[in-house]
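Engineer: Take this structure first; my questions come after.
The values are calculated or read from the model by the stated rules, or taken from the named source; none is laboratory data. Quick caveat: nothing in here was measured; it's all calculated off a predicted structure. Note: ideal-geometry Cβ built from the backbone for every residue, glycine included; neighbour counts use all protein chains shown.
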């Protein structure tokens, strides 16, 4: 069974360099520094989501939401990366290998990337959002509103490596 | 540009009836009652996510997360529903028509359905989850861990109709 999707738009922003590449072999400290810098930049980066004009009407009402979910496609991900089974999260070799489905790595069998971002503005068929880490030119597959804080009455639990990564990343702020 | 996906597994549960059908013309009160009942049921429903054996290893490490994101495909959605431009949210005609991208309606150009659910158990290539409202047999496209409470330091804002719907739904609990 194959499922075929057609993009409904694309991302325009200033992010042109891939940061998370599983095969990269640079210095761990340097990598962490890069990731911190990257994260800080993307948090503030404004992206324009250019939706195809024939879908303009489908955006009506989205202005009233503070946050939206963007589903996009990593068009620069090499095909062979979809075959990976395990990775060191964020390329950090001191963290044990994790199955791809236990990570948010873009390298996965169906690389549907999902990001919750702040909606700043809508004008006709374009949305301006803040905090999207998609590369410039990424095809957009879907846009959804964030309708409910699903976690508000539930406690989330993560493995230790997630805490470690979050702590390391926040350290740079 | 076409993007082709192949399911990585499927959902097994007791949910066999579609609830949100945009063309249905039943009594609003009756519909609300049904939706409440449905929502209560799905909150407690246990589903088994059967992942293809060749992807078993990709699940390693997922046991340590309390919540996962399931991306699945509404295999029973009629093709013509992907052409809809606006809907009354949850079929409630007293709520003004909203553009599809401003709703979580399954009827959308690329119906990639995304649900955050509680992970109860993993055994080899199967995950038991609670709260998934996918129909029995739905193809699974991706599994991701919930790695961070993205909303914890941000205030979400919704249009009034979302508050109304949430209130109506919670009223039945």
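Engineer: Within segment A:82-101, track down each residue that is part of a helix (DSSP H, G or I) and either modelled with pLDDT under 95 or surrounded by fewer than 20 Cβ atoms within 10 Å (Cβ to Cβ) (or both).
Structural biologist: A:82, A:83, A:89, A:90, A:91
Engineer: When only residues in segment A:76-130 that are under 17 Å from the mean Cα position of the chain (by Cα) and farther than 29 Å from residue B:52 by Cβ count, which is nearest to the other protein chains (Cβ to nearest Cβ)?
Structural biologist: Taking the candidates together, the pick is A:118.
Engineer: Within segment B:9-16, does at least one residue satisfy the condition of being modelled with pLDDT under 95, in a loop (DSSP other than H, G, I, E, B) and surrounded by fewer than 17 Cβ atoms within 10 Å (Cβ to Cβ)?
Structural biologist: Checked against the condition, which is being modelled with pLDDT under 95, in a loop (DSSP other than H, G, I, E, B) and surrounded by fewer than 17 Cβ atoms within 10 Å (Cβ to Cβ), segment B:9-16 yields at least one hit.
Engineer: From the list A:140, A:165, pick out the single residue that is under 19 Å from the mean Cα position of the chain (by Cα), surrounded by 17 or more Cβ atoms within 10 Å (Cβ to Cβ), at pLDDT below 75 and closer than 30 Å to residue B:57 by Cα.
Structural biologist: A:165
Engineer: Let me ask you something else. Do we find a residue being without any contact (Cβ under 8 Å) to a residue 40 or more places away in the chain, part of a loop (DSSP other than H, G, I, E, B), more than 23 Å from residue A:6 (Cα to Cα) and more than 7 Å from every other protein chain (Cβ to nearest Cβ) anywhere in segment A:131-152?
Structural biologist: Checked segment A:131-152: at least one residue is without any contact (Cβ under 8 Å) to a residue 40 or more places away in the chain, part of a loop (DSSP other than H, G, I, E, B), more than 23 Å from residue A:6 (Cα to Cα) and more than 7 Å from every other protein chain (Cβ to nearest Cβ).
Engineer: Which one of these does residue B:123 not meet: (1) surrounded by fewer than 17 Cβ atoms within 10 Å (Cβ to Cβ); (2) closer than 21 Å to residue B:16 by Cα; (3) modelled with pLDDT of 95 or more; (4) out of contact with any strand residue (DSSP E or B) (no Cβ under 7 Å at 6 or more places or on another chain)?
Structural biologist: Only one criterion in (1) surrounded by fewer than 17 Cβ atoms within 10 Å (Cβ to Cβ); (2) closer than 21 Å to residue B:16 by Cα; (3) modelled with pLDDT of 95 or more; (4) out of contact with any strand residue (DSSP E or B) (no Cβ under 7 Å at 6 or more places or on another chain) is unmet by residue B:123, namely (2).
Engineer: Six or more apart or on different chains, Cβ under 6 Å: which pairs go from a residue in segment B:40-53 that's modelled with pLDDT under 95 to one that's not in a helix (DSSP H, G or I)? Could you list them?
Structural biologist: Sorted first by the residue in segment B:40-53, then by its partner, the pairs are B:42/B:133; B:43/B:131; B:45/B:13.
Engineer: OK, next. Restricting attention to segment B:51-81, report how many residues are over 19 Å from residue A:83 (Cα atoms) and either in contact with a strand residue (DSSP E or B) (Cβ under 7 Å, 6 or more places away or on another chain) or assigned to a helix (DSSP H, G or I) (or both).
Structural biologist: 15
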